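**Q** One structure coming up, written as structure tokens, with questions to follow.
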Amino acid sequence: MKHFLMKGITEFNFPPISPFYVPEVHIHQGGPNDSVSFNLTLKDVVITGFDSYEFEKFDFDPKTLQFDSELKMGALNFKAKYVVNGKVLTIPLDGKGNMNFTITTSSGTLKQNASLTTRKGQKYLTLHPPSIHIDVGDVTDPHYDGLFDGNEVLAKAVEKVLQDYQKELGEEMKPTAEKIIEQIIYDLQQKLQSRLPYDEVYPVHEQGL
């Protein structure tokens, strides 16, 4: 299955998973009283490494139509155009340009319910939005072009602070990362499951469903 996902499936409008393209992502971090707070918009996000996933568990119960999965994923590299404004400690944070960073090995669980619908005499599995919990790895090698209009001294100082706070930032951004990956997985699932009859995807199941 991974072989097909890596290349994409054009007849189902299913894109390759590595590199994977996301048009736009918005991240809000902290508030006015926090030491680190910012609004970050990422555009033209290119993610490589999704093909490193490995399912340690993948269970489907045909009686309840429930999925229960556990997976691990290797390092993910993100490249994007960014716009950011906010503050780091007492330093105003402002800039736009290109950025890239890497997230080390992550693991997660995925639980999902589904229902059956009938179209033209065939049954199709309709997937409900998944519930995903992800232990996000560390953020490493962050690089931002364009901070403070090219003031390299100030930019390096802020990058150092961001590196020092990377674990805390990673924890704070974890819900956002979960939502992004949840949406990606759900969109990919929908493109596949909505086109393939249930009996073709899951040929061995309880009769009478």
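**Q** When both residues are 6+ apart or on different chains and their Cβ atoms are under 6 Å apart, which pairs have a first residue that lies in the stretch 94-113 and is closer than 21 Å to Ile132 by Cα and among the β-branched types (Val, Ile, Thr), and a second that is modelled with pLDDT of 85 or more and assigned to a strand (DSSP E or B)?
**A** As it stands, the answer is Thr102/Asn77; Ile103/Leu76; Thr109/Glu70, since those pairs meet every condition given.
**Q** Mind counting the residues in the stretch 72-99 that are under 17 Å from Val136 (Cα atoms) and surrounded by fewer than 17 Cβ atoms within 10 Å (Cβ to Cβ)?
**A** Number satisfying all stated conditions: 4.
**Q** Right, Lys123: basic (Lys, Arg), surrounded by fewer than 17 Cβ atoms within 10 Å (Cβ to Cβ), at pLDDT 70 or above and at negative phi or not?
**A** In short, yes.
**Q** Can you tell me which residue in the stretch 98-143 is farthest from Leu71 (Cα to Cα), limited to those that are of a type in the set (Lys, Arg) and out of contact with any Asp or Glu (no Cβ under 8 Å at 6 or more places or on another chain)?
**A** So the residue we want is Lys120.
**Q** For the condition at pLDDT below 70 and under 19 Å from the mean Cα position of the chain (by Cα), what is the one hit in Gln112, Gln166? Lay out the reasoning, then the answer.
**A** Details: Gln112 fails: at pLDDT below 70.
Of Gln112, Gln166, the one residue that is at pLDDT below 70 and under 19 Å from the mean Cα position of the chain (by Cα) is Gln166.
**Q** To continue, here is another question. For the stretch 35-98, which strands (runs of 3 or more DSSP E) that fit wholly inside it have 3 or more residues that are among the polar types (S, T, N, Q) and either under 16 Å from the mean Cα position of the chain (by Cα) or at pLDDT below 90 (or both)?
**A** Hits in the stretch 35-98: 36-48.
**Q** Within the stretch 44-92, can you find the residues that are without any contact (Cβ under 8 Å) to a residue 40 or more places away in the chain, among the charged types (D, E, K, R) and over 28 Å from Ala114 (Cβ atoms)?
**A** Asp44, Lys79, Lys81
**Q** Right, next: Which condition number in (1) over 17 Å from Gln189 (Cα atoms); (2) surrounded by 13 or more Cβ atoms within 10 Å (Cβ to Cβ); (3) not aliphatic (A, V, I, L, M) is the one that Asp68 fails?
**A** Among (1) over 17 Å from Gln189 (Cα atoms); (2) surrounded by 13 or more Cβ atoms within 10 Å (Cβ to Cβ); (3) not aliphatic (A, V, I, L, M), the lone unmet condition for Asp68 is (1).
**Q** Note down all Cβ pairs under 7 Å where the first residue falls in the stretch 189-207 and is among the charged types (D, E, K, R), the second is modelled with pLDDT under 70, and they're at least six residues apart or on different chains.
**A** Lys191/Phe12; Lys191/Asn13; Lys191/Phe14; Arg195/Phe12
**Q** Here's a follow-up. Residue check, Asp138 against (1) modelled with pLDDT under 70; (2) under 28 Å from Ser18 (Cβ atoms), all met but one. Which one?
**A** Condition (1) is where Asp138 drops out.
The values are calculated or read from the model by the stated rules, or taken from the named source; none is laboratory data. These numbers were taken from a predicted model, which means no experiment stands behind them. Heads up, the Cβs are rebuilt from the backbone with ideal geometry, glycines too, and the neighbour counts pull from every protein chain shown.
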